[in-house]
1. Would you mind getting the accessible area per residue of the stretch 357-463, heavy atoms of the protein chains only, 1.4 Å probe, in Å²?
2. Between residue 50 and residue 306, what is the label-point separation in nm under the 7 Å Cα-to-beta-carbon projection?
3. Give the residue from 423, 389, 66 lying farthest towards the positive end of the charge dipole for the chain; charges sit on Cβ (+1 for Lys and Arg, -1 for Asp and Glu) and the dipole is referred to the Cα centre.
4. Please figure out what share of the DSSP beta bridges in the chain is antiparallel and state it in percent, rounded to the nearest 5.
5. Could you tell me which of 179, 474, 49 has its Cα farthest along the dipole of the chain towards the positive end, charges placed at Cβ (Lys, Arg +1; Asp, Glu -1), taken about the Cα centre?
6. Taking 60 Å as R0, compute the FRET efficiency from the Cβ-Cβ separation of residue 253 and residue 114 and round it to 0.05.
7. Please say if the stretch 320-468 is rounded, prolate or oblate, where rounded means a/c under 1.5 for a ≥ b ≥ c the square roots of the C-alpha gyration tensor eigenvalues, and otherwise the choice is prolate for a/b larger than b/c and oblate otherwise?
8. May I ask you to give the solvent-accessible area per residue for the stretch 208-334, in square angstrom, as obtained with a 1.4 angstrom probe?
Amino acid sequence: MRIRRRSALAVTTVLILGGTAYGMHVVADGAPADDNVVSTATAFLSSWQASDTYRAAQLTTNPRQARIELGAFRRHTGVTSVTLSPGHTVGATMPFKVVAHIDHGGTSATWTYHSRLAVVRDSPTGRDRVSWHSNVIHPSLPDGGGYTLRPFTEAVAPTVTDNQGAPLKATDHPGLRQILHQLQDRYPDREHQILGIRLSSDGDSGAGRIVATLKSGRAAGIRTGVDAAVQKAVDAAVAGQPGASVVVVRPSTGDVLAAATPAGTDLSPAVEGVQAPGQAFELVTTAALLEHKAVTSHGRVDCPASATVTGRTFTTPGGWHAQGTPFTDVFAHACDTAYVQLADALTGDELAAEARDVFGLGLDWHTGVTTADGAVPVLKGADKAAAAIGRGEVRLNTLDLASVTATVQNGSFRQPMFVDPKTSGQTRAHTRRVLPGRVADELRALMRGYAQEADTDGAAFGGVADQFQDSPEPIVGWFTASRGDLALAVTAPEKTHRPDNAGDVARAVLDAASG
């Protein structure tokens, strides 16, 4: 066995050979045995137990290899003391019990296992010797060296619970699978560690087969803000909508009550991915227009079939258009061409500031898991017009949109949280200002009007993300709604320029969660 030279660990020995004194002619249970087998075997075990690897090795048929492997066992496993107890010999074979005390990385445990040895007559010398094989040390060691037994410690995976302390399992809530795994990886219980032994080949950095788990530790709990009943409603709603993502937030606190993300993705598009939100972003644009008095809820606005800004032509997905129509109609139909023209009343900084300073988009959120927190850059000209309708460089995800609606419902931003700051060790983000009361009231009224048209109780808004109507990229529906102290957002693939699938999921969640 090849070994790396390390300083030897201090070894405390206790000579207990199953109650049998060295050299006696009987073993522990008093059964008669061959004198030479017993004396040779017990001499070997006594020397090994006393950390006298040289003398123990000399009592074997391969002193050089035995000394290397016995020394490697002592150095590599973290053994602080070992007790070897012989059992009843059968012919020339003696089983024995090993009780080794291990200390690794500050975690201690007792390792107990059984092995056996055989005594043979060494033909060159005519003396009795222990037949040397690697599995004398441990039954899992392959013969001939090249393998070592190494200790390892791992933090215990915590149990993730809902807001009532009940465990959350991915098998029960498949939509939470990625988030649950991320929480367990991010907040392991380092105070209660697993201690085990691996069989490792030379050069594999100790990442071999586990041969013993000595200390299993205990799982700590991570309490989330998830409401199991709401999560159940979300899981049921997305079951029939492949590709749908959902996030539900409590507006008054920012707690994430439920989330679901499509299966088979490396990251969670609901919270980690970002994409152009399209018409759904017009909710933020409307807030900026109302706050800067560029429009009123009942003012008349043109919604032409197309609008051109610095050489770039925009149209509305679905083709709805009207002249001199109330702004309530523009909002209800998410008329892109109207918003493109109205954006001229805002500077690029005013639109970006509304998103950042009121709705928290683009701030550094600390939710307890990895999230993408939106991006609304300062733009001008055609780029600003595109940003006003959620195209171009604007980037959001389902969590961001749910937070926008929660801010409208609550009147001020409460950064979404999966776990509280005490668990995450970080503080939540805060915006510079709240949504002005007048603007919040008007937005809620507009959203209630949209909800009536969309056959949704409460307040709602939605649209599609379709960068270019002739684009091969799939159409994505975005739908957001609030009812009482619930706010949610849904994204889902669509076949038309209406957020029908996303809206169906949102209504199903709200009906189940509110019922």
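1. On the way: 3990 Å² over 107 residues.
For the stretch 357-463, the solvent-accessible area averages 37 Å² per residue.
2. Inter-label distance under the simple model: 9.9 nm.
3. Among 423, 389, 66, the one farthest towards the positive end of the dipole of the chain is 66.
4. Details: 76 of 81 bridges.
If I count the DSSP bridges inside the chain, around 95 percent turn out antiparallel.
5. Going by the charge dipole, the pick is 49.
6. Working: r = 57 Å, r/R0 = 0.94.
It comes to 0.60.
7. Values: a/c = 1.94, a/b = 1.45, b/c = 1.34.
Note, shape of the stretch 320-468 comes out prolate.
8. Numbers: 5160 Å² over 127 residues.
Solvent-accessible surface per residue comes out at 41 Å².
The values are calculated or read from the model by the stated rules, or taken from the named source; none is laboratory data. Everything numeric in this text was worked out from a predicted model, so none of it was measured. All Cβ positions, even for glycine, are placed from backbone atoms using ideal geometry, and neighbour counts span all protein chains on display. All accessible areas refer to the heavy atoms of the entire protein, side chains included, with ligands and DNA or RNA removed. Shrake-Rupley method; radii C 1.70, N 1.55, O 1.52, S 1.80 Å.
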